[in-house]
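Everything below concerns the one structure shown next.
The values are calculated or read from the model by the stated rules, or taken from the named source; none is laboratory data. Just so it is clear, the structure is predicted and the values come from calculations on it, not from any experiment. Cβ atoms come from the backbone with ideal geometry, glycine included; neighbour counts cover every protein chain shown. Heads up: the accessible areas ignore ligands, DNA and RNA and are worked out on the full protein's heavy atoms, side chains in. Shrake-Rupley method; radii C 1.70, N 1.55, O 1.52, S 1.80 Å.
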Amino acid sequence: MSEVGQPPALAPEEAAAAVVPDALNATDVLNATAKFVATPEGTALAYGSLVLMALVPIFFGALRSVACSKSKNASDMPETITSRDAARFPIIASCTLFGLYLFFKVFSQEYINLLLSVYFFALGVLALSHTLSPLLSRVFPASLPIKQYQLLFTQGTGEAKEEIINYEFDTNNLVCLVGSSVVGVWYVLKKHWIANNLFGLAFALNGVELLHLNNVSTGCILLGGLFVYDVFWVFGTNVMVTVARSFEAPIKLVFPQDLLEKGLSANNFAMLGLGDIVIPGIFIALLLRFDVSLKKNSRTYFYSSFLAYIFGLGLTIFVMHTFKHAQPALLYLVPACVGFPVVVALIKGEVMEMFRYEEASADEALAKDDSSESVKKDQ
């Protein structure tokens, strides 16, 4: 995952890339003698909430990706996925998934999840803080002073001095960090599903915002490869479902089907892996930036792909609920998210224009800006 610049928090999200029905829920497996049968109302509420929670990070992450692509701040610039990265992505994801499967088979699940809790505590606090910071800046009272801070850590002296850490932040960021830390402590101590979802939503939104595909062809390669990956690991083996049940980390969104009966202490969950949100989400975000590049004051490709995602996820849940078996969501999401925009492009006669659209990487953009500034200075 590091080769495509993916945030570490997203590295194992494909471990839960299937929508898992309550028949495969870890709670049910451990307590089969007292199996809870979800009511139709509880099931509808759980699946409806999962769909809504999946749509929020995609929609707002895509909007934020537009501003992110124009950012001049190196710390806020996105990581660009190239076609080579996309081709290797399913192989790396498969190795990660199978490695986790072996770890859970060899080592104690309790100790592994303890280490993961500490790891995801740090990542979750940072991700949630980054997500909330723009929102808090809008509601922060203007009368309160906003102080600027800088955390600088260097190595060496004189001309050999090298920056190791150079992080700038303000009062607003500190408030977000404190609030996110409270959620992190709650998650570590209680593993509550609401805390899990807060971190999961933050990871998903950050992934959609900061991971950029350089063109539509790369997106098709990535989605096509993960389509095969998802189908194989769900239908071909029990690896993905096993890891999804064992992996106690906010790499999936969950919602209880017994919420109406047990309230916030409910524990019979339907779940959706972050991979089923982030992977289609970065493709949808690319189409939004393509819409912006057309300068037609229209968001046709974004809305068509967004509606396609809703259709694909709804179809996944319908099939899963009908056959009572875990479904690889990308089996339905990939054809929908790729097919709908292509059909729209065919109708509008913009297929070639869509596939020719290219985004520069962060390094290329910075180099271009530096060269432009040098030219201006010379003139």
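Points worth noting:
- Among 233-242, 52-61, 182-191, 333-342, the peptide with the highest mean count of other Cβ atoms within 10 Å heads the list, and the full ranking is 333-342, 52-61, 233-242, 182-191.
- Amide H contacts under 5 Å for Lys252, placed H, 5+ residues apart: Leu274
- Note on the stretch 57-208: the C-alpha convex hull projects to 13.4 nm² when averaged across all orientations.
- The residues of the stretch 223-327 have, on average, 35 Å² of accessible surface per residue, using a 1.4 Å probe with all protein chains present.
- From most to least packed by mean Cβ count within 10 Å, the peptides 114-121, 84-91, 254-261, 203-210 give 203-210, 254-261, 84-91, 114-121.
- Between amide H atoms placed 1.01 Å from N, distances below 5 Å from Ala329 occur with Val19, all of them 5 or more places distant or on a separate chain.
- Listed residues Leu272, Leu63 arranged by accessible area, highest first, probe 1.4 Å: Leu63, Leu272
- Here's how it looks for Arg299: its modeled amide H is under 5 Å from none belonging to a residue 5 or more places away or on a different chain.
- Distribution of pairwise C-alpha distances over the stretch 158-278, 5 Å bins, in %: 2, 8, 12, 15, 16, 14, 11, 10, 6, 3, 1, 1, 0, 0
- Within the accessible area of the stretch 105-257 (1.4 Å probe), percent carbon and sulfur: 66
- Computed from the alpha carbon atoms alone, the convex hull of the stretch 145-211 holds 141 Å³ per residue.
- For the pair Asn166 and Ser293, label points projected 7 Å from Cα toward Cβ lie 3.0 nm apart.
- Under the simplified labelling scheme, the Trp186-Phe235 pair shows an inter-label distance of 4.0 nm, with each label point 7 Å from Cα along Cα→Cβ.
- Estimated FRET transfer efficiency when R0 is 22 angstrom, pair Val343-Arg84 (beta carbons, to 0.05): 0.20
- Rg/Rh for the stretch 214-320 (Cα atoms only, Rh after Kirkwood) is 1.05.
- Couplings 3J(HN,Hα) for the stretch 180-193, derived from phi with the Karplus relation 6.51 cos²θ - 1.76 cosθ + 1.60 (θ = phi - 60°), are 5, 5, 4, 4, x, 5, 4, 5, 5, 7, 10, 6, 5, 5 Hz, where x marks Gly and Pro.
- Spin-label model, Thr154/Glu353: points 7 Å from Cα along the beta carbon direction are separated by 5.0 nm.
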